[in-house]
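The next block holds one structure in the form of structure tokens; read it before the comments.
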Amino acid sequence: MITALDEKTALVLIDMQKGIVAFPVAHPIAGVIENTAKLADAFHKAGQPVVIVNVDPAKFKPSRKEPAPSHGGSLLADFIEIIPEIKTTDSDIFVTKSTWGAFDSTDLDAQLKKAGVTGIVIGGVATSIGVEGTARTAAALGYNVTFASDAMTDMFADAHNHSFKYIFPRLGEVDTTENILKFL
């Protein structure tokens, strides 16, 4: 349950891109899309920073033990494009990541600090990969992290549930989109 949002809180949406939202997921993607779009609209309206993150599999840098992502052949030309339901603006921060987390190998931390951001609200796909990877680094960097529970999903229900049960309560607060928006 959320108790507060920092005065300067950024919304960070992970991999809400055409190629990723097309994967089979544990929870209906329509609800995740609707809630991430609501969050983006509300953060824009409130004048708070919005970070739009995508992943480019062609640039993905796996660990030595992890194989590069395979998507069964060639990718669609629009795989990395953000879905149209997420209305982006010129003032948004755009990050293309090449690892699991949006802070790794990018200047996201510097951009957020320059904007005075001390907290983040996070959502997207996949809960146990991009969302959790980004949240772990955000917490380590000192950001107050809030998870929008109904604005994310995973390819596997067990992985999603594990993140919510064991990881997210150690990194920040968890609540629904509607309750988070009451604090914005």
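The values are calculated or read from the model by the stated rules, or taken from the named source; none is laboratory data. Just so we're clear, the structure is a prediction, and the values are computed from it rather than from any experiment. Counting neighbours? That spans all protein chains shown, and the Cβs are built from the backbone with ideal geometry, glycine included.
For this structure, a couple of remarks:
- Count - residues of the stretch 1-47 that are within 21 Å of residue 93 (Cβ to Cβ), among the acidic types (Asp, Glu) and out of contact with any Gly (no Cβ under 6 Å at 6 or more places or on another chain): 2
- Every residue from the stretch 126-160 that is among the acidic types (Asp, Glu) and in contact (Cβ under 8 Å) with a residue 40 or more places away in the chain: 150, 154
- Checking each residue in the stretch 39-51 for being more than 14 Å from the chain's Cα centre (by Cα) and closer than 16 Å to residue 84 by Cα picks out 41, 44.
- Within the stretch 1-36, considering residues that are part of a loop (DSSP other than H, G, I, E, B) and of a type in the set (D, E, K, R), the one nearest to residue 128 (Cα to Cα): 15
- Among the candidates 90, 78, residue that is in a loop (DSSP other than H, G, I, E, B), of a type outside the set (Ser, Thr, Tyr), more than 15 Å from residue 16 (Cα to Cα) and at pLDDT 80 or above: 90
- Number of residues in the stretch 135-166 that are farther than 25 Å from residue 30 by Cα and of a type outside the set (Ser, Thr, Tyr): the value is 7.
- Put simply, of 45, 65, 8, 38 the only residue that is exposed (fewer than 13 other Cβ atoms within 10 Å of the Cβ), at pLDDT 95 or above and among the charged types (D, E, K, R) is 45.
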